[in-house]
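The values are calculated or read from the model by the stated rules, or taken from the named source; none is laboratory data. Worth saying up front: this structure is predicted, and the values here are computed from it rather than measured. Counting neighbours? That spans all protein chains shown, and the Cβs are built from the backbone with ideal geometry, glycine included. Please note that ligands, DNA and RNA were not included when accessible areas were found on the heavy atoms of the full protein model with its side chains. Shrake-Rupley method; radii C 1.70, N 1.55, O 1.52, S 1.80 Å.
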Amino acid sequence: MTLTVHRSVCPHDCPDCCGLVVDVDQERVVAVRGDPEHGFTRGVLCPKVSHYERTVHAEGRVLTPLVRVGTKGEGRFAPVSWDEAVAHVVERWRAIVAASGGEAILPVSYAGTMGLIQRNATHALFHKLGASRLDRGICTPAQDAGWKQVMGDTPGPDPEEVVHADLVILWGINALATNLHFLNLVKTARRRGAHVVLIDTWRQPSAAFADQVVLVRPGFDGALALGMLAVLAGEALIDRAFIAEHVDVEGFAALERVARAEHDPARAAERCGVDAATIAELARRYARARAPFIRVGGGPFRAANGAAVLRAMLALPAAVGAWRRRGAGLLASTGTGGAVNLAPFVREDLLPRPTRVISLNQLGHALTALRDPPVQSIYVSHCNPAAVCPDQGAVLRGLARADLFTVVHERFLTDTANYADVVLPAPTMLETADLYRSYGQFWLQRTRPAIAPLGESRSNWDTVRTLARALGFTDEVFQRSADEHIDALVAQPSALRAATDADALAHGVPVRLTPPRDRWLTPTGRIRIAPTDEQPAFVLAAADDVDDETKRRYPLRLHPTPALHRLNSSFSERADLIDKLRAPRPTLRVHPSEAAQRALSDGDTVVAFNELGEARVVLVVTDDVPPGVAVAEGVYSLAEAGGPTVNTLMSKRLTDFGMGSTFSDNRIELRAAT
Ligand SMILES: Nc1nc2c(c(=O)[nH]1)N[C@H]1C(S)=C(S)[C@@H](COP(=O)(O)OP(=O)(O)OC[C@H]3O[C@@H](n4cnc5c(=O)[nH]c(N)nc54)[C@H](O)[C@@H]3O)O[C@H]1N2
Ligand SMILES: Nc1nc2c(c(=O)[nH]1)N[C@H]1C(S)=C(S)[C@@H](COP(=O)(O)OP(=O)(O)OC[C@H]3O[C@@H](n4cnc5c(=O)[nH]c(N)nc54)[C@H](O)[C@@H]3O)O[C@H]1N2
Ligand code: SF4
Ligand SMILES: [Mo]
């Protein structure tokens, strides 16, 4: 056996963005290991990716183009050549554009791969076609919007500095499953004496690594943050010198007044469910810490008041002047977008006119209700909307439409691919070239294929080029290979890359970005705490704002959350990982009192329902979840669930800012399955 060794990067939607070392024996990947020379991930991988060769060479890989021979959803296909598949797609698209205009076509893509080239490959083509545009805001745009309102374009703090923290607050993040390498750094900090607090709605698995667990009422983190601020203000724990120098003084004073007048610990406790003494103690501990580091996840911001909640949290590091101290601050996303300007690749200028924008969170509505023109074709790439979108009932009704022409570019026959008219075969990241930046650390890395694309699979970008050629598009953007685009992208100047070694980057070595640390990238050059136009009352206005009748009918707040052995809907091809899941079938975790009230027991198959639909789940009765909350771990396929999943219970409602999903903000009721 003659092994060749290659460097690569994990492409999944995970803040860690691990560096990989790949062993190849004659076009067969035999091992995937962590890259010990990667400064953030240091040779460690999660259990999903440490045997990625099993995914690359999985039996279920789609290796040729396919056309549907069964009914939609059934997943019966026959192989065809690329030429036939492409001719069929182009013929249908030309007819649709001629009859209804480009907006009748909608590209649907998201985070199956995070590589900048493959993830953004489809934009130029669909801009050129004049298609409808997708707003991809299924993940954390409300969090991003809240950050932007307060911190502008300022990058987040460096997660590697958390080892210097003496207080770490994991706020609505399931780090054991979702941010493993950061959690390892938190463990180091803890060994050095840091106090670790977990603030969540349930005792999730990361609680094992915390000294203190604070359970908050879903949606009321803003009330908790303002309660803490009221204590800081009342007990003279605010860093006035920092405020005077770095913060919008009037805005802060306004928020402080509101906090003191309306959010004293007693009132905050009533709202957020954390007792007043704990709020006060947490505030004092925060103020007295030398280096308090807050790491937030996604859960608290996938709610109607998502952006407002982050704004309230961001008042805390400003109040105590944490930002200027090593190992302190608040990390939501590292904000490395400035490292690579994608405009020359995405080519928004190719749009003949500004076409309509459709939210990925409202895909079901778009496919079933939109007119002028109705959506007549979708092109799905690195996304599995049938499994991951809210309002799943509408999504599946839409995908089942006989007159919807659906093209899916995929590695596996996913729930979405099963509804396709045409499936095109996609490679894994080990078969393509790309450039990776992370949203959870500050490393940038370029990759080249470790093996050739398996079977007839073609990368997202090569597929776009194939389609562009067949459509007669001759623009230069479509002429260049992925590597040529990467060369051009990294040749552009960027402040974050100013100190990086271009040669190392070119050779696939992970390189460190250096974000500016000396200023606030806001319009005023100061941290902007309380936007005068959207006053602090906003924090509570939208928290759990449903009427009493709805609360009575649907008493449980549903919290979907990732599973350690899945990455969103990915990895269902892996029997070894399914065996490791906490449950092979979808479960719902509830408190013993909730089960008892409904005469339900642990292990029962139950129906979870609300006005949107019904999903069958296996009940797990546990003290880890407080009354009033129901936790659904992991994304399961329709086949695994035996029908609709909990996504059918999630509404298409959007967040206060950023058009984000409201996955954490849905109510349900349970009954025994008959
Ligand atoms: N119930 C529930 N629903 C959720 C969530 C949850 O926690 N629970 N999380 C939500 C969140 S936060 C997110 S971000 C979304 C994620 O939603 P998605 O981004 O849709 O989910 P993934 O499973 O990461 O990726 C989708 C597909 O991309 C394919 N893929 C991977 N690489 C490539 C490639 O190079 N080319 C092509 N063409 N395809 C590729 C994979 O095979 C996979 O089927 O899900 C959301 N939905
Ligand atoms: N293993 C694995 N890793 C993943 C993923 C995966 O599917 N599997 N998905 C990836 C993706 S796309 C994303 S976006 C991230 C998400 O990673 P996380 O942010 O860690 O996960 P979430 O489930 O979005 O939210 C974390 C916690 O927020 C809690 N929560 C919900 N509502 C509230 C609230 O009102 N207040 C508070 N305080 N907590 C609340 C949830 O109960 C949950 O425990 O993980 C990424 N990494
Ligand atoms: S999923 Fe996350 S932790 Fe696992 S290998 Fe990929 S980047 Fe690393
Ligand atoms: Mo996400």
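Hey, could you get me the Stokes-Einstein D for region 177-286, Kirkwood radius over alpha-carbon pairs, 37 °C and 0.692 mPa s, rounded to whole µm² s⁻¹?
Working: Rh = 15.3 Å.
The estimated diffusion coefficient comes to 215 µm²/s.
Out of GLY43, ILE358, PRO453, whose Cα points farthest toward the positive end of the dipole of the chain (charges: +1 Lys, Arg; -1 Asp, Glu; placed on Cβ)?
The Cα lying farthest towards the positive end belongs to GLY43.
Report the FRET efficiency, 1/(1 + (r/R0)^6), for ARG267 and ALA495, where r is their Cβ-Cβ distance and R0 is 45 Å, rounded to 0.05.
Working: r = 44 Å, r/R0 = 0.98.
Calculated transfer efficiency: 0.55.
Below 13 angstrom from the Cβ of VAL80, what's the summed charge of the other residues (Lys, Arg +1; Asp, Glu -1)? Walk me through the numbers on the way to the answer.
Details: positive: ARG68; negative: ASP83, GLU84, ASP421, GLU456.
Spelling it out: positives minus negatives among the neighbours equals -3.
With label points built 7 Å along Cα→Cβ from the Cα atoms of ARG288 and ASP211, find their separation and express it in nm.
Computed distance between label sites ARG288 and ASP211 equals 1.1 nm.
Quick one: order LEU370, LEU471 from most to least accessible surface, probe 1.4 Å.
On the way: LEU370 40, LEU471 20 Å².
Order by accessible area, largest first: LEU370, LEU471.
For a quick check of understanding: with a 1.4 angstrom probe and all protein chains in place, what accessible area in square angstrom does TYR554 have, to the nearest ten?
Surface accessible to solvent at TYR554 totals approximately 20 Å².
With an 8 Å Cα cut-off and a minimum separation of 6 or more residues, compute the relative contact order for region 141-331 in percent. It would help to have the intermediate numbers written out before the result.
Working: 335 pairs, mean separation 65.0, N = 191.
Reported relative contact order: 34 percent.
Counting only other residues whose beta carbon sits under 14 Å from that of PRO300, what net charge do I get with K and R as +1, D and E as -1?
Values: positive: ARG217, ARG295, ARG302, ARG311, ARG557; negative: ASP144, ASP200, ASP221, ASP544, ASP656, ASP665.
With Lys, Arg at +1 and Asp, Glu at -1, the neighbours total -1.
Apply the a/c threshold of 1.5 to the C-alpha gyration tensor of region 445-594 and tell me whether it is rounded, prolate or oblate.
On the way: a/c = 2.10, a/b = 1.32, b/c = 1.59.
Oblate is the answer for region 445-594, as a/c is 1.5 or above yet b/c matches or exceeds a/b.
Take the Cα pairs of the chain, get the Kirkwood Rh, then feed it into Stokes-Einstein at 10 °C and 1.306 mPa s and tell me D in µm²/s. Walk me through the numbers before you get to the answer.
Working: Rh = 25.8 Å.
Value of D from the Cα-based Kirkwood radius: 62 µm²/s.
Rounded, prolate or oblate: which fits region 141-331, taking a ≥ b ≥ c as square roots of the Cα gyration tensor eigenvalues, rounded meaning a/c under 1.5, else prolate when a/b beats b/c? Display every interim value, and only then the final one.
Details: a/c = 1.36, a/b = 1.21, b/c = 1.12.
It comes out rounded by the Cα gyration axes.
Would you mind getting me the FRET efficiency between ALA488 and THR278? Use the beta-carbon distance for r and R0 = 51 Å, nearest 0.05. Kindly include the intermediate steps, with their values, before the conclusion.
Numbers: r = 54 Å, r/R0 = 1.06.
Using R0 = 51 Å, I get an efficiency of 0.40.
Given 10 °C and 1.306 mPa s, compute D for region 69-192 with the Stokes-Einstein relation, Rh being the Kirkwood radius over Cα pairs; round to the nearest whole µm²/s. Let's see the in-between values first.
Numbers: Rh = 19.5 Å.
It diffuses with D of about 81 µm²/s by this estimate.
Which value, in debye to the nearest 20, gives the size of the charge dipole of region 517-657 about its Cα centre, when Lys and Arg are +1 and Asp and Glu are -1 at the Cβ?
Numbers: 18 positive and 21 negative charges, 83 e Å.
Roughly 400 debye, rounded to the nearest 20.
Can you classify region 567-674 as rounded, prolate or oblate using the Cα gyration tensor, where a ≥ b ≥ c are the square roots of its eigenvalues, rounded means a/c under 1.5, and otherwise it's prolate if a/b beats b/c and oblate if not? Provide the component values of the computation, followed by the final result.
Working: a/c = 1.57, a/b = 1.03, b/c = 1.52.
Because a/c hits 1.5 or more and a/b fails to exceed b/c, region 567-674 counts as oblate.
For a quick protection proxy, order the peptides 218-230, 158-170, 192-204 by their average other-Cβ count within 10 Å, most packed first. Write out the running numbers ahead of the final one.
Values: 218-230: 28.4, 158-170: 23.0, 192-204: 20.8.
Result, highest mean Cβ count within 10 Å first: 218-230, 158-170, 192-204.
With 28 Å as the limit, write out which pairs from LYS48/LYS187; LYS148/LYS652; LYS72/LYS652; LYS48/LYS652; LYS551/LYS652 have Cα-Cα distances beyond it, or answer none. Before the final figure, lay out each step's value.
Values: LYS48/LYS187 21 Å; LYS148/LYS652 24 Å; LYS72/LYS652 23 Å; LYS48/LYS652 30 Å; LYS551/LYS652 19 Å.
In this structure, LYS48/LYS652 lie more than 28 Å apart at Cα.
Roughly how many debye, to the nearest 20, is the charge dipole of the chain about its Cα centre, given +1 on each Lys and Arg Cβ, -1 on each Asp and Glu Cβ, and no other charges? Write down the numbers at each step before the final one.
Details: 74 positive and 77 negative charges, 98 e Å.
So the magnitude is around 480 debye.
Which one, PRO218, ALA175, ALA304, projects farthest toward the positive side of the charge dipole computed for region 141-331 from Cβ point charges (K/R +1, D/E -1)?
ALA175
What percent do you get for the relative contact order of region 432-487 when only Cα pairs under 8 Å and 6+ apart count? Don't skip to the answer; put the middle values down first.
Working: 42 pairs, mean separation 18.5, N = 56.
Taking the mean separation of contacting Cα pairs over the length of region 432-487, I get 33 percent.
Could you compute how much accessible surface LYS580 exposes when probed at 1.4 Å, giving the result in Å² to the nearest 10?
About 110 Å², ignoring ligands and nucleic acids.
Within region 597-615, list the residues whose amide N lies under 18 Å from a label point set 7 Å along Cα→Cβ of THR71.
Nothing falls inside the zone, counting backbone N under 18 Å.
Compute, for GLU235, the solvent-accessible surface of its heavy atoms (probe 1.4 Å) with the complete set of protein chains present, and express it in square angstrom to the nearest 10.
80
Name the cysteines of the chain that stand alone by the Cβ rule: no other cysteine Cβ under 4.7 angstrom.
CYS14, CYS17, CYS46, CYS139, CYS272, CYS383, CYS389
Can you tally the net charge around GLY102? Count Lys and Arg as +1, Asp and Glu as -1, for every other residue whose Cβ sits under 14 Å from the Cβ of GLY102. Each step should come with its number before you reach the end.
Working: positive: ARG92, ARG94, LYS128, ARG133, ARG353, ARG356; negative: GLU103, ASP372.
Net charge in that neighbourhood comes out at +4.
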